[in-house]
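Presented below is the structure to which this report refers.
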Ligand code: 13P
Ligand code: SF4
């Protein structure tokens with residue numbers, strides 16, 4: 001059992017520049033009874049809660065059993081022995097958990113569970129592209145819906161994308177849906193001396209496309225010891241100005257050993273800044289971050305609701321054929337990522 005005072009002391013430091021995420025004792029007094037009820041029910045029902053680092057801190061620190069990036073969470077989903085998986089993130093991540101655990105109940109508590117990348121491409125788009133580019137291997141970012149994965153050959157996440165593209169045998173690749181990540185892949189392959197013909201779709205993440213290299217120049221002017229960390233969904237111009245690029249978990253890992261003497265700019269969703277403020281309060285974070293409306297639509301109340309009384313639209317239900325085809329695509333990622 002946790003108390004409101006304990007929770008408030010842990011989260012009061014969070015201030016990523018967006019006042020909606022300031023934690024007061026009275027806010028924690030509201031959260032804690034719901035948190036304790038969820039944790040009690042989780043045990044009773046043998047449920048596990050997987051949460052992406054971008055969801056609200058009261059979920060990350062109150063009820064989540066595993067917190068991580070898309071790759072880490074898909075590995076957690078693969079090995080869990082819980083009967084019920086509640087995925088506090090976005091729908092495509094919960095679908096990946098279902099693809100890996102077709103026999104388990106996978107519940108999604110978010111009300112608004114799209115993603116600007118996943119929503120940028122449909123299964124029919126991929127079928128048309130495959131006819132247009134029959135000799136290409138289709139590699140999709142994990143930020144795609146299950147029926148799109150089902151039409152692709154290999155899936156990648158931000159933590160393994162460069163290695164999977166390098167390791168896969170094909171030298172003609174159609175990468176979808178993230179155009180900015182695709183441009184970063186083309187640059188990274190050149191840097192590695194790998195020659196592959198890579199075609200791209202047009203999707204973008206509305207959170208990461210907002211970061212501009214001009215903004216980095218301004219902050220570098222203000223803080224001469226500034227280190228910039230960026231997610232690979234940012235543009236190549238932003239990555240050129242960055243000291244480190246990686247998945248959300250890679251960014252946190254980098255910060256574990258980063259010097260306390262520098263200032264850090266985190267070019268990703270605010271969840272990473274909040275985690276740093278709670279877990280590494282000695283690190284100086286400057287600049288502001290951006291919120292993802294999809295990730296932020298997960299709430300404690302909805303987690304409790306789906307745990308107590310799930311309805312059909314809270315459940316991930318996949319057509320068996322799509323699920324099996326998408327599994328081949330996800331399994332290919334594990335094969336080439338770990339090579
Ligand atoms: P990560 O896999 O790096 O957590 O990225 C997921 C995502 O949606 C980033 O916007
Ligand atoms: Fe999708 Fe961007 Fe939100 Fe990640 S941050 S879930 S890519 S919209």
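With 274, 249 as the choices, which residue is more than 17 Å from residue 161 (Cβ to Cβ), touching a helix residue (DSSP H, G or I) at 6+ places or on another chain (Cβ under 8 Å), in contact (Cβ under 8 Å) with a residue 24 or more places away in the chain and within 16 Å of ligand 2 (Cβ to nearest atom)? Outline the logic, then answer.
Details: 249 fails: more than 17 Å from residue 161 (Cβ to Cβ).
When all the criteria are applied, what remains is 274.
Select, from 155, 195, the only residue that is within 16 Å of ligand 1 (Cβ to nearest atom), in contact with a helix residue (DSSP H, G or I) (Cβ under 9 Å, 6 or more places away or on another chain) and within 24 Å of residue 332 (Cα to Cα).
Numbers: 195 fails: within 16 Å of ligand 1 (Cβ to nearest atom).
Only one candidate qualifies: 155.
Residue by residue, here is whether (1) at pLDDT 95 or above; (2) buried (at least 23 other Cβ atoms within 10 Å of the Cβ); (3) within 14 Å of residue 239 (Cβ to Cβ) holds:
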| position | (1), (2), (3) |
| --- | --- |
| 165 | yes, yes, no |
| 172 | yes, no, no |
| 178 | yes, yes, yes |
| 183 | yes, no, yes |
| 188 | yes, no, yes |
| 193 | yes, no, no |
| 198 | yes, no, no |
| 201 | yes, no, no |
| 206 | yes, no, no |
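Hey, among 34, 63, which residue is over 15 Å from the mean Cα position of the chain (by Cα), modelled with pLDDT of 95 or more, farther than 22 Å from residue 148 by Cα and surrounded by fewer than 23 Cβ atoms within 10 Å (Cβ to Cβ)? Give the steps one after another, and end with the answer.
Working: 63 fails: surrounded by fewer than 23 Cβ atoms within 10 Å (Cβ to Cβ).
On inspection, the qualifying residue turns out to be 34.
Quick one: what pairs do we get from region 108-126, first residue without any contact (Cβ under 8 Å) to a residue 60 or more places away in the chain and closer than 17 Å to residue 87 by Cβ, second within 16 Å of ligand 2 (Cβ to nearest atom) and part of a helix (DSSP H, G or I), C-beta under 7 Å, 6+ apart or different chains?
Once the first residue is without any contact (Cβ under 8 Å) to a residue 60 or more places away in the chain and closer than 17 Å to residue 87 by Cβ and sits in region 108-126, its partners that are within 16 Å of ligand 2 (Cβ to nearest atom) and part of a helix (DSSP H, G or I) give 118/92.
Would you call residue 287 touching a helix residue (DSSP H, G or I) at 6+ places or on another chain (Cβ under 6 Å) and in a loop (DSSP other than H, G, I, E, B)? Walk me through how you get there before you give the answer.
Details: touching a helix residue (DSSP H, G or I) at 6+ places or on another chain (Cβ under 6 Å): yes; in a loop (DSSP other than H, G, I, E, B): yes.
So residue 287 passes the test.
If the Cβ limit is 6 Å and pairs must be 6+ apart or interchain, which residue in region 156-183 that is on the phi < 0 side of the Ramachandran plot and touching a residue at least 40 places away in the same chain (Cβ under 8 Å) pairs with which residue that is surrounded by fewer than 20 Cβ atoms within 10 Å (Cβ to Cβ) and part of a strand (DSSP E or B)?
174/199
Can you list the helices (runs of 4 or more DSSP H) found entirely within region 173-259 that contain at least 2 residues being under 23 Å from residue 128 (Cβ atoms)?
179-192
Test residue 186 against the criterion of being away from ligand 1 (no atom under 15 Å from the Cβ), farther than 23 Å from residue 285 by Cα and out of contact with any helix residue (DSSP H, G or I) (no Cβ under 7 Å at 6 or more places or on another chain), and give yes or no.
Against the criterion (away from ligand 1 (no atom under 15 Å from the Cβ), farther than 23 Å from residue 285 by Cα and out of contact with any helix residue (DSSP H, G or I) (no Cβ under 7 Å at 6 or more places or on another chain)), residue 186 qualifies.
The values are calculated or read from the model by the stated rules, or taken from the named source; none is laboratory data. No experiment lies behind these values; they were computed from the predicted model shown. Methodologically, a virtual Cβ is constructed for each residue, glycine included, from the backbone with ideal geometry; neighbour enumeration extends over all protein chains shown.
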